[in-house]
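J.: To start, I am sharing the structure in question, which I have written as structure tokens.
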Amino acid sequence: MSSSPPPPAVECKGLIVRAGKAEILSDISLRIEPEEHVLLVGPSGAGKSTLLRAIAGLAVPSKGEIHLFGELASRPGELVLAPDKRGVGFLFQGGALWPHMSVAGTLDFVLKRKGQDRSARKRRIAELLEIVDLAGYDKRRTPTLSGGEAQRLGLARALATEPKILALDEPLGPLDAPRREALLDQLQSLARRFGLTTIHVTHDPDEAARVATRTITMTEEGALV
Ligand SMILES: Nc1ncnc2c1ncn2[C@@H]1O[C@H](COP(=O)(O)OP(=O)(O)OP(=O)(O)O)[C@@H](O)[C@H]1O
């Protein structure tokens, strides 16, 4: 019996995203295979973050479709799959942590939305903090974290939902060289360990050379090269 190849992790077909009258993504069609590590590059304002947001279900297409592992996720004017049903973890530019929460509270908030009971959440929070080297930081308020700690908490939050796809929007942005190396190593070993597909946006050519199995380049007009 011949088995058909697995569906792509991400498939965008003729994707157009507008903000008001401006067309931010302009007819994007692409496929990303499971466990691929794709680098997304292009000039500032090209629409890289918007493409990640569309894949994660944080932006709605005006035209076209997005399929995730063969399942229709977005179509014109509609998120067929809600953001928390997509299996996409998002590490935002600058971490984007909630300033009124503790480290454990940040993760607890995400896990509660998944409907986990208290003891399961507690176990998972400890496990996640271990994974990102923040064990013992439970009670710290997020504004007291250093840039690197904040990025690692952002990563733990992205991993909390056990995603199959990790969207990384300039994940090393504010860090100094040794911390960039450390976080990059950590991202790569997590991706291997959990069989993740990653889409990584960066402006840094050294970082780009380290992460990519393939590079996708966007033009200033929000299209692919
Ligand atoms: N909600 C919005 N309303 C209006 N314009 C928007 C909105 N979101 C994004 N844009 C515009 O769309 C364009 C693409 O933005 P986006 O953040 O996706 O680009 P980017 O390639 O990630 O840029 P950078 O590398 O600077 O982070 C920019 O010109 C931006 O100002």
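Nothing in this text is a laboratory measurement; each read-out follows from the coordinates by a stated rule. Just so it is clear, the structure is predicted and the values come from calculations on it, not from any experiment. All Cβ positions, even for glycine, are placed from backbone atoms using ideal geometry, and neighbour counts span all protein chains on display.
J.: Scan around residue 24 for amide H atoms under 5 Å from its own, H built in the peptide plane at 1.01 Å from N, and keep only partners 5 or more places away or cross-chain.
T.: Hits under the 5 Å cutoff: 17, 18, 19.
J.: Could I ask something else about it? Quick check: the angle from helix 103-113's long axis to the longest principal axis of the chain, C-alpha only, nearest 10 degrees?
T.: Relative to the chain, helix 103-113 is tipped by roughly 50 degrees.
J.: I've got another one for you. Could you work out how far apart the two model spin labels at residue 203 and residue 85 are, taking each label as a point 7 Å from the Cα in the direction of the beta carbon, and quote it in nm?
T.: Roughly 3.7 nm, to one decimal.
J.: How are the Cα pair distances of the chain distributed, in percent, across 5 Å bins from 0?
T.: Calculated over all Cα pairs of the chain, the distribution is 1, 7, 14, 18, 19, 16, 12, 8, 3, 1, 0, 0 percent.
J.: Sort 200, 37 so the one with the fewest other Cβ atoms within 10 Å of its own Cβ comes first.
T.: Values: 200 27, 37 21.
Result, fewest neighbours first: 37, 200.
J.: What do you get for chymotrypsin sites (Phe, Trp or Tyr not before Pro) in the stretch 3-103 restricted to DSSP loop and a cutoff of at most 11 other Cβ within 10 Å of the site's Cβ? Display every interim value, and only then the final one.
T.: On the way: sites: 69, 90, 92; in loops: 69, 92.
Passing both the DSSP loop test and the Cβ count: no residue.
J.: What order do you get for 165, 199 when you list them from fewest to most C-beta neighbours inside 10 Å? Could you put the intermediate results ahead of the total?
T.: Details: 165 21, 199 25.
Sorted ascending by nearby Cβ count, the order is 165, 199.
J.: Then there's this: Please give the Cα centre distance for the stretch 137-196 versus the stretch 1-24, rounded to the nearest Å.
T.: Between the Cα centre of the stretch 137-196 and that of the stretch 1-24, the gap is 26 Å.
J.: Would you pull out the residues with amide H under 5 Å of residue 36's amide H, same chain only if 5 or more places away, H placed 1.01 Å from N?
T.: Under 5 Å from the amide H of residue 36 lie the amide H atoms of 198, each far enough along the sequence or on another chain.
J.: Taking the number of other C-beta atoms within 10 Å as the exposure measure, put 44, 102 in order starting with the fewest. Intermediate results must be reported in sequence, preceding the final value.
T.: Values: 44 7, 102 16.
Listed from fewest to most nearby Cβ atoms, that is 44, 102.
J.: In the structure shown, do any of 13/114; 139/164; 48/164; 114/164; 85/139 have a Cα-Cα gap over 22 Å, and if so which? Mind showing how you got there, number by number?
T.: Working: 13/114 29 Å; 139/164 29 Å; 48/164 20 Å; 114/164 16 Å; 85/139 29 Å.
Beyond 22 Å: 13/114; 139/164; 85/139.
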